[in-house]
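Asks: Got a structure here, written out as structure tokens. Questions coming.
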Amino acid sequence: MTEPTAFPADVDATGAMLAAHDYVAGRDLATAVLLALKLGRPLFLEGEAGVGKTEIAKVLARALGRTLVRLQCYDGLDAAAALYEWDFPRQMMEIRLSEATGAAGRDVLAAAIYQRKFLIARPLLAAIDGPPAVLLIDELDRADEPFEAFLLELLSDFQVTIPELGTIRAVRPPVVVITSNRTREVHDALRRRCLYHWVDFPNAASERKILSLKAPGCGEALSAQVVAFVQRLRGMDLFKAPGVAESIDWAMALSHLDAHELTPAVVDQSLGALLKYQDDIARIRGEQAAQLVAEAKEAA
Amino acid sequence: MIPIDASLADPEAGGKLPLNVMHFTRLLRRAGLPVGPGQAVAAAQALSAIDATNRTDVRAALATVLAQRHEQREVFDAAFDVFWRDPTGTEIARAMAAIDGMRRQEDAKARAASRRILEAMAGNQAPRPREAPEPDQQLDMTLTFSADEQLREMDFEAMSAAEIANARAAIRRMRLVLEETPTRRFRPAPNGHRWDAPATLRRALKRGELLEIARKRRRTRPPPLVALCDISGSMTRYAQILLHFLHAVANARSRVHVFLFGTRLTNITRQLRNRDPEVAFELVGRAVPDWSGGTRIGEALAGFNHHWARRVLGQGAVVLLITDGLDRDGGRDLSHQMERLKKSCRRLVWLNPLLRYEGFAPKSLGIRAMLPFVDEFRPVHNLNSLADLAELLSKPAPPRDGSFAWTPPQAPQQSPPQAA
């Protein structure tokens, strides 16, 4: 692993660093990222699904030359899956071997089988013990409260105590990014330890820039129409407003359909790339879509 | 970790900024944001890490530390604007009033606190000669409610005291045990079905030989409980009692969310968390604008489905829907919203006080629209029915095959309550 890149010095440099890795960030977000790096605090990102919360961690890992360690949260996530686990089959093998060679007593055996090489590092331990890392704790809201409390302890000292082995401390603390889609409120205690940033939908100009980077196959004129259409859609009272990820998908879908401009017909065909609930699709398809297309074309 | 900049420890060297940050955090605290001293220090650190002359950056930096929730951002921004325009504090009292208005729905306790502070500040401040006040659009956001809604402040003392006291004591004794659902975690159990390899090894090493196999089984835990309670005019008397029930439940276990609805939907989970029932109901009374008004069940459910269902119905939630089903809108959009609600939870129980009447028949449009989508339909009008409910919820949910069909029970129902 190469030596990680130094942290950027100011907000402009942070924005430039993210931009260099194809991430269009508003000044607010760049400030939050800079502070997370400089103050060594976890960055806690909330926002609608598909606004690029996870992406920021990936980009940071690339830009800073660190490994990305990702922990995907789910209900019932436990220490064996998140932190570490003993490699039981290999330990048994070791015991059999020492029995075969007629090796010594219990203490020697215990010391032999509880070694670092029999420890399977899961994401949290890997982020502390391995090479300098960006630790992405993704969708924390999906994990349950006990896990959150466990995380609290880890994030305050970046050390792990393993009863059989002792305490492992991070030589270089990982950069931590936590994301949440708000399917559950994350507890105040955890929020207090983090820097909080709400990732909003981008404005039209930023979204056009994102599309030109992420869906280059889609022409400029079409991109502008896509953005205008999606931005209008977000203003409507939908069950799930489309995120940036959906606009990128849709732009790519449209370019695969060889569309050069939005028409009501092509919108109806490809609406499934943008809206993921039948209620929303039924509401937009047809007349409403035609009207939005007309408005979007005028605006673009 | 970055060492704290020396200039921060010494306010003289760092200029006025640290002092201002301190004043600003005080203002936020008064506005009801939970800002602790740790965050004040972090805010000062944050400012030392950026260019503190750039107002946009300062705002963003302070927000990452001091506004910990998206809902708090509005209050934060308003406070920031006022403070940085006039940090001497003369205008802050006026800002407090505006902040107050914005937060009306959100947090009654803090609102009361900020009003007290506002009064305190007004007391020791001389009236200040000033130019004509500039109208500030951003701050003029006091909520206005439509005229047809009855903005009645609920008075809990109006209840017949002796009866309520008895009922309350009984409710406190009630235990709500939900049928537990398995999680992905394990716990050691001598008669478990699974082999716990690491524990077996540890035990064998302690004893020197492999004597017994350690076992484990899945942990179970009760699912989240979400209560949606109707507080319209026809439900008032039941809502009062049921609030006691919900308060007891919300304080006895985790993962309980309580919503009230009449013409609008209010989340009162935080208010109910207060252990003291009197304080809790006082807070609820202030947070809820539409006691004893009409009901728009469809609209309330639509609001719940849209804004809350995805946030509180995860992990196999059980929903208690407490309403008489008498809908002012005649059941418009109701079956659609009920269908969505049913599909997003594991078990949907409808508690209807009207069921106590003999010969109850689902005639109203609202009731007919809702009935096919519930898993269970139960009366809730006296302590016995609450006890039955607790019993019911501790048993497995009925299978979800086809839509629910309610048949009136054969046995005679309870007579209407003695005293009106």
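Bear in mind that the values in this text are calculations on the coordinates, not laboratory data. What you see is a predicted model; the values in this text were computed from it and never measured. Neighbour counts are summed over all protein chains in view; Cβ atoms, including those assigned to glycine, are modelled from backbone coordinates with ideal geometry.
Asks: Suppose R0 equals 30 Å; then what is the FRET efficiency for A:ASP237 and A:GLU185 from their Cβ-Cβ distance, rounded to the nearest 0.05?
Replies: Rounded to the nearest 0.05, the efficiency is 0.85.
Asks: Nearest 10 degrees, 0 to 90: what angle lies between the long axis of helix A:11-20 and the longest principal axis of chain A (Cα atoms)?
Replies: Value to nearest ten degrees: 80.
Asks: Another question about this same structure. Could you give each residue of region A:160-165 its phi-based ³J(HN,Hα) in whole Hz, using Karplus coefficients 6.51, -1.76, 1.60 with θ = phi - 60°, and x for Gly or Pro?
Replies: So the Karplus estimates, Gly and Pro as x, are 10, 9, 10, x, 7, 10 Hz.
Asks: If we count other beta carbons within 10 Å of each Cβ, what is the order of B:THR56, B:THR25, fewest first?
Replies: B:THR56, B:THR25
Asks: Which is farthest toward the positive dipole end of region B:281-377 among B:LEU283, B:PRO353, B:ALA302, measuring Cα position about the Cα centre, with Cβ charges +1 (Lys, Arg) and -1 (Asp, Glu)?
Replies: B:ALA302
Asks: Round to a whole angstrom and tell me the spacing of the C-alpha centers of region B:337-352 and region B:237-280.
Replies: Taking the Cα centre of region B:237-280 as reference, the centre of region B:337-352 is 19 Å away.
Asks: Moving on to the next point. Sequence-distant or interchain residues sharing an amide H contact under 5 Å with B:ASP51, placed H: which?
Replies: When sequence neighbours closer than 5 places are left aside, the close amide H contacts are A:VAL11.
Asks: In addition: Can you tell me the dipole magnitude for region A:149-193 around its Cα centre, using point charges on the Cβ only (Lys, Arg +1; Asp, Glu -1), in Debye to the nearest 20?
Replies: For region A:149-193, the charge dipole is close to 240 debye.
Asks: Related question: Fewest to most neighbouring Cβ within 10 Å: what's the order for A:TRP250, A:TRP86?
Replies: Exposure proxy ranking, most exposed first: A:TRP86, A:TRP250.
Asks: Also, quick follow-up: If you put +1 on each Lys and Arg Cβ and -1 on each Asp and Glu Cβ, how big is the dipole of chain A around its Cα centre, in Debye rounded to 20?
Replies: Here the size comes out at about 720 debye.
Asks: Moving on to the next point. Taking R0 as 30 Å, what's the FRET efficiency between A:GLN278 and A:ALA16 from their Cβ-Cβ distance, rounded to 0.05?
Replies: In this case the efficiency is close to 0.10.
Asks: Need one number: the % of Cα-Cα pairs in region A:68-171 sitting beyond the 25 Å mark.
Replies: 31 percent
Asks: What net charge do the residues around A:ASP12 carry, taking every other residue with its C-beta under 12 Å from that of A:ASP12, with Lys and Arg at +1 and Asp and Glu at -1?
Replies: -2
Asks: Please state the Cα pair-distance histogram of region A:204-293 with 10 angstrom bins from zero: what percent is in each bin?
Replies: Computed distribution, short to long bins: 19, 58, 23, 0.
Asks: Once R0 is set to 22 Å, what does the formula 1/(1 + (r/R0)^6) return for the Cβ-Cβ distance between A:ARG90 and B:ARG207, expressed as a FRET efficiency to the nearest 0.05?
Replies: Between A:ARG90 and B:ARG207 the formula returns 0.55.
Asks: When chain A is treated as a GNM, springs tying every alpha-carbon pair under 10 Å, which of A:ARG41, A:ARG66, A:ARG169 comes out with the largest mean-square fluctuation?
Replies: A:ARG169
Asks: Just to confirm the number: angle between the C-alpha axis of helix A:88-100 and the first principal axis of chain A, 0 to 90 degrees, nearest 10?
Replies: That works out to roughly 20 degrees.
Asks: Between region A:82-141 and region A:191-206, what is the C-alpha centre distance in whole Å?
Replies: Rounded to whole Å, the Cα centres lie 38 Å apart.
Asks: Using 7 Å Cα-to-Cβ label points, what is the A:ARG169/A:ILE120 separation (nm, one decimal)?
Replies: Rounded to a tenth, the inter-label distance reads 3.0 nm.
Asks: What is the angle, in °, between the Cα long axis of helix A:220-235 and the longest principal axis of the Cα atoms in chain A? Nearest 10 is fine, range 0 to 90.
Replies: 80 degrees
Asks: Hey, can you grab everything whose amide H is under 5 Å from the amide H of A:VAL199? Only 5+ residues off in sequence or another chain; H modelled, so Pro and N-termini drop out.
Replies: The answer is A:GLU46, A:GLY47.
Asks: Calculate how many DSSP beta bridges within chain A are antiparallel, expressed in % of all such bridges and rounded to the nearest 5.
Replies: Looking only at bridges with both residues in chain A, the antiparallel portion is about 25 percent.
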